[in-house]
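Asks: First the structure, which I've put down as structure tokens, then a few questions once you've had a look.
Readers should treat all values here as calculations from the given coordinates under stated rules, not as data from a laboratory. Everything numeric here is computed off the predicted structure, so don't read it as measured data. Every residue, glycine among them, receives a Cβ derived from its backbone with ideal geometry; neighbour counts consider all protein chains shown.
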Amino acid sequence: MVVDDLFLKGEFMPLASGTVSVLDRGFQFGDGAYEVVRFRGERFLWLDEHMERLRRSLAALAMPSADVAARLAAILPELASRSGYPEGSAYLQVTRGAAPRDFALPSEPVLTELAYVRPHTFLSWEEVNAGTTALLQEDMRWARCDVKSVSLLAAVMGKAVAAAAGTAEVIWVGTDGSVREGGSCNIFAVVDGELRTHPTDRHVLDGITRRRVLELAHGAGIAVREDPVTRDELSQADEVFLSSTMRDVLPILRIDDLPVGDGRPGLVTLRIAEMLRAAVTVELAVP
């Protein structure tokens, strides 16, 4: 039996029954952080790294974070088990909680902590080979993209513009012409035989899947450089792909109105996608 359960403020309840205060600062100000973790059965993919990133996000937002991540991580296996979903994703969110609406931080916040799981069927090889499309847009986000903040309005609007243009994803480009990341993914390009991606600074999220891609590429002897690709270099790239928790590695076959390379998934992209899929299978296998 499938049950949509929610863990909220220390209790399990039906997802549809969960409520938070209108005065919650996550609702009023987008004052919070989140994580999304992939699971199969009761095993969660690279959970420790996701929880460490949640701690870093909360610390950057000046929220007490010592026990929050540990509490949420501890209940995830039960939450997945109660759901009955064979695989999917867990969404975890922490806000500064309810307080009178004021820009000043409350002196003794009571954090709102929640988690729930949703079913998700991850991409088949046919879908990977079909690839995706993207639209370049000037980066209009705040300057702390290394924080996985619940304030996602820029991504919402960027993806809406991309969808209106008939593409599936936005790629943010800085005012200096450097390619940063996607609306909900990291971006890689193969330029002159070298795998390039933006370094982890305040302009991009330190993606957990991004880390695996770099590790696998290094291990396979693929030339790698964490250095921003320019907009012009991207237009001449042989291959471009995205990486994310929900999409693993997915080729980008068209950007704006131009094909990437010959318009088909490249050999480097497919090799990394295959290695990543094998790594995920090992991590999520029942011991």
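Asks: I'd like to verify something in the chain: which complete DSSP H helices, judged by Cα projection on the helix axis, reach 18 Å or more and average at least -0.5 on the Kyte-Doolittle scale?
Replies: 68-83, 267-284
Asks: Rg and Dmax in Å for the chain, alpha carbons only: what are they?
Replies: 19.4, 57
Asks: If each Cα of the stretch 49-102 is one equal point scatterer, what is log10 of I(q)/I(0) from the Debye formula at q = 0.20, 0.26, 0.29 Å⁻¹?
Replies: Debye intensities relative to I(0), on a log10 scale: -0.80, -1.05, -1.18.
Asks: Would you mind giving the three semi-axes, in whole Å and largest first, of the ellipsoid equivalent to the stretch 162-287 according to its Cα gyration tensor?
Replies: Ellipsoid half-lengths, sorted descending, are 23, 15, 15 Å.
Asks: Give the Debye-formula value of log10 I(q)/I(0) at each listed q (0.24, 0.26 Å⁻¹), with one equal scatterer per alpha carbon of the stretch 169-209, two decimals each.
Replies: The Debye formula, applied to the Cα set alone, gives -0.86, -0.98.
Asks: Compute the separation of the alpha-carbon centres of the stretch 164-179 and the stretch 246-287 and state it in Å as a whole number.
Replies: Value for the Cα centre distance between the two parts: 19 Å.
Asks: Peptides 119-128, 78-87: what's the order by average Cβ count within 10 Å, highest mean first?
Replies: 78-87, 119-128
Asks: For the stretch 170-205, which trypsin sites (Lys or Arg not before Pro) are both in a DSSP coil and crowded by at most 14 other Cβ atoms within 10 Å?
Replies: Passing both the DSSP loop test and the Cβ count: R202.
Asks: Which Rg and Dmax, in Å, describe the Cα atoms of the stretch 27-79?
Replies: Reported Rg and Dmax, both Å: 11.9, 35.
Asks: A further question on this structure: Under 14 Å from a point 7 Å along the Cα-to-Cβ line of A60: which residues of the stretch 152-171 have their amide N that close?
Replies: 152
Asks: First measure r as the distance between the Cβ atoms of F103 and D232, then evaluate 1/(1 + (r/R0)^6) with R0 = 30 Å and state the FRET efficiency to the nearest 0.05.
Replies: Calculated value: 0.15.
Asks: Put a dot 7 Å past each Cα toward the Cβ at H120 and V161; how far apart are the dots in nm?
Replies: It works out to 2.5 nm between the two label points.
Asks: Follow-up question, since we're still on this one. Let a ≥ b ≥ c be the square roots of the eigenvalues of the Cα gyration tensor of the stretch 31-171; is it rounded (a/c under 1.5), or, if not, prolate (a/b larger than b/c) or oblate?
Replies: oblate
Asks: Return the percentage of antiparallel bridges among DSSP beta bridges fully within the chain, rounded to the nearest 5 %.
Replies: 80 percent
Asks: Largest first, please: the extent of the C-alpha atoms of the stretch 94-214 along each principal axis, to the nearest Å.
Replies: 53, 39, 32
Asks: Taking the alpha-carbon centroid of each part, what is the distance from the stretch 53-92 to the stretch 206-226 in angstrom?
Replies: Result: 25 Å between the Cα centres.
Asks: Per the helix-only calculation at 222 nm, which mean residue ellipticity applies to the chain, given -39500 (n - 2.57) for every DSSP H run of n ≥ 4 and division by its residues, nearest 500 deg cm²/dmol?
Replies: That comes out to -9500 deg cm²/dmol.
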